[in-house]
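Enquirer: So that we are looking at the same thing, I have put the structure below in structure tokens.
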Amino acid sequence: MSYAVLAHAPVRTLGGYSVRGIDREDMEPIRRWRNAQISVLRQAAPITPAQQQRYFEQAVLSTFEDPRPPQVLLTLGLEGVPIGYGGLTNLNWQAGRAELSFLVSPDRAADPDRYAPDFRAFLELAVKGVAIADLGLHRVFSETFDIRPHHVSILEAFGFAREGRLRDHNRIDGRYVDSLMHGYVDG
């Protein structure tokens, strides 16, 4: 079972990569990936299995039948194996916009030679494919901590325009960091 809003969308693939709507089997790997990479997320503490279960039931699975869900989460696969996830969060259907999220497994995130093609494929499949072509959105935006220059360079090379800097916007490992805001507009 997945999002009804994607029921008639084509399967999105690029090379060996694919995206599909998130499902229950993705719950535990995502929890582990998030807990291992808290410093790049807006997450204050590790997530327990019970918290993840509750979140999936209340915020994810319960929205699958919604014709306009508040978020559409996607699993990124490579050769059929899940390697990451992300999606379109804070969806505003009336305005035609969503916030982009993306996270891959820690081993892939730590290797720039693997991370770059993973993220580029996700951008192509999730932004141009799902957000714009399938859901009819007009704008996708993101917030990235400025401690991630490689991530930012991939976003910008894809076509996301830097739209602002929020100074000392987040605290990571005891120090304040800036958040960079980017936007991608269809057409």
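Enquirer: Filter the range 65-81 down to the residues that are in contact with a strand residue (DSSP E or B) (Cβ under 8 Å, 6 or more places away or on another chain), assigned to a loop (DSSP other than H, G, I, E, B) and of a type outside the set (K, R) and list them by number.
Expert: Hits for the range 65-81 are P69, P70, Q71, G80.
Enquirer: Still on this structure: Name every residue in the range 109-150 that is free of Cβ contacts under 8 Å to residues at least 40 places away in the same chain, crowded, with 20+ Cβ neighbours inside 10 Å and under 24 Å from G16 (Cβ atoms), in order of residue number.
Expert: Answer for the range 109-150, where residues must be free of Cβ contacts under 8 Å to residues at least 40 places away in the same chain, crowded, with 20+ Cβ neighbours inside 10 Å and under 24 Å from G16 (Cβ atoms): F119, L123.
Enquirer: Still on this structure, I have one more. Specify the residue that is surrounded by the fewest Cβ atoms within 10 Å (Cβ to Cβ); the eligible residues are those in the range 154-174 that are within 16 Å of the chain's Cα centre (by Cα) and of a type in the set (A, V, I, L, M).
Expert: I154
Enquirer: Still on this structure, I have one more. How many residues are within 25 Å of D107 (Cβ to Cβ) and of a type in the set (D, E, K, R) if we restrict to the range 119-143?
Expert: The first filter runs over the range 119-143 and keeps only residues within 25 Å of D107 (Cβ to Cβ), leaving 119-127, 142-143.
Then drop every residue that is not of a type in the set (D, E, K, R), which leaves 120, 124, 143.
Summing the residues that are within 25 Å of D107 (Cβ to Cβ) and of a type in the set (D, E, K, R) in the range 119-143 gives 3.
Enquirer: Right, next: Just one of (1) farther than 27 Å from R32 by Cβ; (2) within 15 Å of the chain's Cα centre (by Cα); (3) not aliphatic (A, V, I, L, M) trips up H151, so point out which.
Expert: (1)
Enquirer: From V177, V104, grab the single residue that is farther than 22 Å from P10 by Cα, more than 14 Å from the chain's Cα centre (by Cα) and surrounded by 16 or more Cβ atoms within 10 Å (Cβ to Cβ).
Expert: V177
Enquirer: Take the range 16-64 and flag every residue that is closer than 19 Å to A98 by Cβ, loosely packed, with under 14 Cβ neighbours inside 10 Å and at pLDDT 90 or above.
Expert: Passing the criteria: only S62.
Enquirer: Report every pair of residues separated by at least 6 positions or lying on different chains whose Cβ atoms are under 6 Å apart, first residue within the range 80-101 and within 24 Å of T13 (Cβ to Cβ), second of a type in the set (K, R).
Expert: Listed pairs, sorted by first residue: I83/R108.
The values are calculated or read from the model by the stated rules, or taken from the named source; none is laboratory data. None of the values given here were measured: they were computed from a predicted structure. For neighbour counting, all protein chains shown are included, and Cβ atoms are generated from backbone atoms with ideal geometry for every residue, glycine included.
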